[in-house]
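These notes are about the structure you will find just below.
The values are calculated or read from the model by the stated rules, or taken from the named source; none is laboratory data. What you see is a predicted model, and the numbers here were worked out from it, not measured in a lab. For neighbour counting, all protein chains shown are included, and Cβ atoms are generated from backbone atoms with ideal geometry for every residue, glycine included.
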Amino acid sequence: MTAKPIYGRVRTGLLFIDPHNDFLSEGGKLRPRVATNSQPDMGQPHKEALMYSKNSPQRRPTSAKLRRLFAISVSSLALLPMSTASAQTGASPVVYEFGRPARADEHTYDWYRRTHAEAASARYGIPADVIGDGMDTWHWWVGVDNPGFWRESTKATSKSPGNLLGVKVDFLRLLLTVPRNKRFELIGLINDPDTVAADKPDRYGLMLDRMKEGTLTWDADTFGYSSGIIGLQLFANKQFDPQKWSLAKYLEDPASVEPPYNVGMTCALCHVSFNPARPPASVHEPKWGNIVSNIGNQYFREGNLFGSEMPHDSFIYQYLTIQ
Ligand code: HEC
């Protein structure tokens, strides 16, 4: 190739991705270089558009958040005689049920996070806790109202014209209908070692994997609960009304009733994979030591996220399954 590519300033944008928030976030090493023109300016397309990742979301509630929570609980106590505390705080009515406790001999994400953050810190001289925050972002953070986006997509594809091709965008259905020991085989999804299959339905009749008790070390409001699949997180749905809930109704038409959980997608969903040098003894039950998070998942058939229930002789299924 001898031709020189020409990137005219008028029609060229530059997008920087800083997946671990190490360089471009406030306080990052390269922040001063992008800080002056870091806001994309749609009105002036001739300017370079630079976008950078936001600060890592807080892993645990900040003191400001705790103060807010404290203020809310005090005010709700004062209002208790008039109504329930939950109505005052806007708290979700959803109750999460954990699985069996994590055993002492089982590595958890906390171990994985610590081990990798310390190794990377020793190699690159960046503080381990900052790397750990980036790891949380990568594994568990879904962005701003991503679960809401997927909920809307579920509703839009529940009936025509949205489901014209038979494609269903419904991760909750996927979690309920594709069993833990089929996910890798059918879709290439990687199960979260911090979760176990449900042994009985929860109070909403859902057979969703449960996080092992003791493995939730982050703020579930921000990061959600693990769905059992690395990269899909469950968030308590604020619109959920236990009085109106019916699983049968949901499965018939997911737009007809608000489910207890919405599902969000994190970067790790497509980027997590097995460590080729230390593959798991069972592909359904990997341990954290078998996992690497940013190698890219070469087994992943993302099309099947949306068409696992289609007849296999349909053209659309065949199209999706080879994606
Ligand atoms: C739905 C699947 C999916 C999700 C979710 C996803 N990625 Fe990716 N990502 C891919 C695929 C596929 C590629 C490879 C694209 C290619 O090579 O053409 C890729 C490539 C990348 C690359 C380039 C890697 C390289 O070696 O050049 C970066 C960086 C990246 N992704 C960051 C992210 C970040 C950050 C997130 C979360 C905000 C994310 N990805 C979420 C599927 C995904």
Sole residue being within 13 Å of the ligand (Cβ to nearest atom) and acidic (D, E), chosen from E302, E309, E252: E302
So, G205, is that one outside any loop (DSSP other than H, G, I, E, B) and either in contact with a Leu (Cβ under 6 Å, 6 or more places away or on another chain) or basic (K, R) (or both) or not? no
Could you tell me whether any residue of region 291-305 is loosely packed, with under 13 Cβ neighbours inside 10 Å, under 21 Å from the mean Cα position of the chain (by Cα) and not in a helix (DSSP H, G or I)? yes
Taking the conditions exactly as written (modelled with pLDDT of 95 or more, over 21 Å from D219 (Cα atoms) and not hydrophobic (A, V, I, L, M, F, W, C)), does R114 satisfy them or not? no
Can you tell me which residue is nearest to the ligand (Cβ to nearest atom) among those in region 257-283 that are touching a residue at least 60 places away in the same chain (Cβ under 8 Å) and in a loop (DSSP other than H, G, I, E, B)? C267
From the options E252, E302, residue that is touching a residue at least 12 places away in the same chain (Cβ under 8 Å) and at negative phi: E302
Do you know which residues across region 306-318 are small (G, A, S) and surrounded by fewer than 16 Cβ atoms within 10 Å (Cβ to Cβ)? S314
One residue from G166, G125, G162 being in contact (Cβ under 8 Å) with a residue 24 or more places away in the chain and surrounded by fewer than 21 Cβ atoms within 10 Å (Cβ to Cβ): G166
Which residues, taken from region 227-249, are within 16 Å of the ligand (Cβ to nearest atom) and of a type in the set (S, T, N, Q)? S227, Q233
Which is buried (at least 18 other Cβ atoms within 10 Å of the Cβ) and either free of Cβ contacts under 8 Å to residues at least 60 places away in the same chain or of a type in the set (G, A, S) (or both), of L174, L206? L206
Hits in region 118-133 - residues which are in contact with a helix residue (DSSP H, G or I) (Cβ under 7 Å, 6 or more places away or on another chain) and farther than 16 Å from E26 by Cα: E118, A120, S121, A128, G132
